[in-house]
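What follows is a short report on a single structure.
The values are calculated or read from the model by the stated rules, or taken from the named source; none is laboratory data. Keep in mind it's a predicted model, so treat the numbers as computed, not measured. Because the Cβ atoms are built from the backbone with ideal geometry, glycine has one as well, and the counts that use them run over all protein chains shown. Areas reflect the complete protein model, heavy atoms only, side chains present, ligands, DNA and RNA absent. Shrake-Rupley method; radii C 1.70, N 1.55, O 1.52, S 1.80 Å.
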Amino acid sequence: MAVAVRDNAFGGMGVRFGLMSNQQKLGLMFGIAAIIALLAGSWMWSQTPDYRVLYGGMSDRDGGAVIASLQQMNIPYKMADGGGAILVPSGQVYEVRLRLASQGLPKGNVTGFELMDGQKLGMSQFQEQVNYQRALEGEITRSIQSLSAVQGARVHLAIPRQTVFVREQQKPSASVLLSLYPGKALDPSQVSGIVHLISSSVPNLPVNNVTIVDQSGNMLSAAGDGSRGRSGLDPSQLDYLHEVEQSYVKRIEAILAPILGKDNVKAQVAADLDFSTIEQTAETFKPNPVPNDAAIRSQQVNETMGDAAKTPSGVPGALSNQPPGAASAPISASGAPAGGTGISAGNSGPGAHKESTTNFEVDKTIQHIKQPVGAIKRLSVAVVVNNRKAAGKDAKGGGKPLPAAEVAQLQNLVKQAMGFNQVRGDSLNIVNAAFSEGELVEVPASPIWKDPETLALAKELGKNLIIAALLFYLVFGIIRPILKDVAQSVHTAQDKAQQDEADIDEGGVVHKISHEAAERAAQAANYEENLKAAKELAKQDPRVVASVVKDWVDGE
């Protein structure tokens, strides 16, 4: 039974397809082919990944190494920009970058000290010096390119030839060209760091001889001083100045906030700091002191006692030529002048001689003064105090001003908090005014069409909607009308056949053979079967065939 039903269905489809006109057949075939192609294309489109740039602007050498590595890892890729950019599926971009970075790819066009590995025998000293300079430039370039904001860098070193004459020695210099990423910028501290990095990498390279320029030709390092900005202060000094000012601001607001409220006081401090380094060495001598008050360093007294009338006596020889006894030099002696150096002769007798020498300490003062860097030269403080808010019905107004006595008390508090010094020229100004409350401005939310996740979802939905719309059009716009026309034509043909059978019945007897032959013709699956069924029908019941042919002729 199942086989018979299946043959009946296929036979019906064959009859319907045979009853179609050539235009309807072509339209049906075109619709079916379009549906199959659309389904296949949709499946391939959904399976095709979205490609993103892995690396761009690479050299041919790095590009070949990256492609070879991608082929080994079985990762699909595409080429763009004439081979300058490599694209991989968007879901694997970061993973592939990390895996390539572990292999040291891309290496870039910069060559470092590996240039010294290929030294040849017989190379001249000049060539060795040039290779060393190129290798040093490459290593410095790699270090600079490791910064997050730097896309590329070029370093040029000017290293003079060494000489044994001190007067003819010249300091090396360096010039750097930086290519920054779009939207990126370097602050003064980063520029200063690059300058000191280069200065520390090259022997005897002073900081002032380093020049840094960006890709637009803007001077990043100040002319003549690679570590100082336009204000004459380096970043560390500017940071220290900002810290000092903020410290005083916090002091003032902290002491006034409990009295007035946290949001009712605002303070600003401008500090003038002295960053000059001063060292002084002074050596002073006081006038000659009074002898009695001065410290004696040393004193010597020589005294000789003798008799002028005494003549030499005794036996000449060694015993009579003995040296005089040891002279004593007491610290003080009678008859010596007080202070200074003096020589005096006593009246002990004829031939007596006395000599006294006194040395006093010289009063000398040596001072070595080194002033601290960053000393405060002057402070300028401005404080704004809000009016006292009223309670009750007047709460919405500007409030009441503070009394003069209370403002004076606040001024004294601020002076104590800031360490007010009138001698150095500090200034303080306190103003009492009503604070104006700014209107709340609602920040507009980011448009939904700018959200990356929304864009990805909309892209996926749009893809599916396009596929669904094409399928809907093919099914309901092309195939369904064709099938409807075919079904209507088949139904009309069956009605005519039944009417003809009813008309040709004789004496109320239905020709079952003709009906069975018509069913067999309807169940035929191809042209040969239909033709064979038609021949049998013509042999068995020629009147039915003649009636069908007559209807065809009348219809045309």
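Per-residue Karplus couplings for segment 167-176, computed as 6.51 cos²θ - 1.76 cosθ + 1.60 with θ equal to phi - 60°, are listed in order as 5, 9, 6, 10, 7, x, 9, 9, 10, 10 Hz, Gly and Pro entered as x. Near V423: Cβ cut-off under 12 Å, other residues only, Lys/Arg at +1 and Asp/Glu at -1. The net charge is +2. Charge tally around L70: other residues with Cβ under 15 Å, Lys/Arg +1 each, Asp/Glu -1 each, net +2. From most to least packed by mean Cβ count within 10 Å, the peptides 128-140, 460-472 give 128-140, 460-472.
Length gained on full extension, L98 to A37, computed as 0.36 nm times the residue gap minus the Cα-Cα distance: 18.0 nm. Taking each residue as 0.36 nm, the span from V384 to K286 lengthens on full extension beyond its C-alpha to C-alpha distance by 29.8 nm. Here the spin labels are modelled as points 7 Å beyond Cα on the Cα-Cβ line, and at Q72 and A352 they lie 11.5 nm apart. Using the Cβ-Cβ distance between E253 and Q371 with R0 set to 25 Å, the FRET efficiency works out to roughly 0.20. With a Förster radius of 51 Å applied to the beta-carbon distance between A185 and R424, the computed FRET efficiency rounds to 0.85.
Taking each residue as 0.36 nm, the span from V553 to F126 lengthens on full extension beyond its C-alpha to C-alpha distance by 142.9 nm. Averaged per residue, segment 121-260 has 63 square angstrom of accessible surface, using a 1.4 angstrom probe with ligands and nucleic acids left out.
Taking other residues whose beta carbon is less than 11 angstrom from the beta carbon of D263, and scoring Lys, Arg as +1 and Asp, Glu as -1, yields +1. Here segment 78-172 is assigned +1 on the Cβ of each Lys and Arg and -1 on the Cβ of each Asp and Glu. Its dipole about the Cα centre then comes out at about 100 debye.
A 28 angstrom limit on the alpha carbon distance is what I want to check against. Which of K250/K377; K25/K532; K389/K415; K266/K370; K286/K377 exceed it? Exceeds cut-off: K266/K370; K286/K377. In segment 115-180, taking the dipole from charged Cβ atoms about the Cα centre, the farthest positive-side position among Q162, Q129, A149 is held by Q162.
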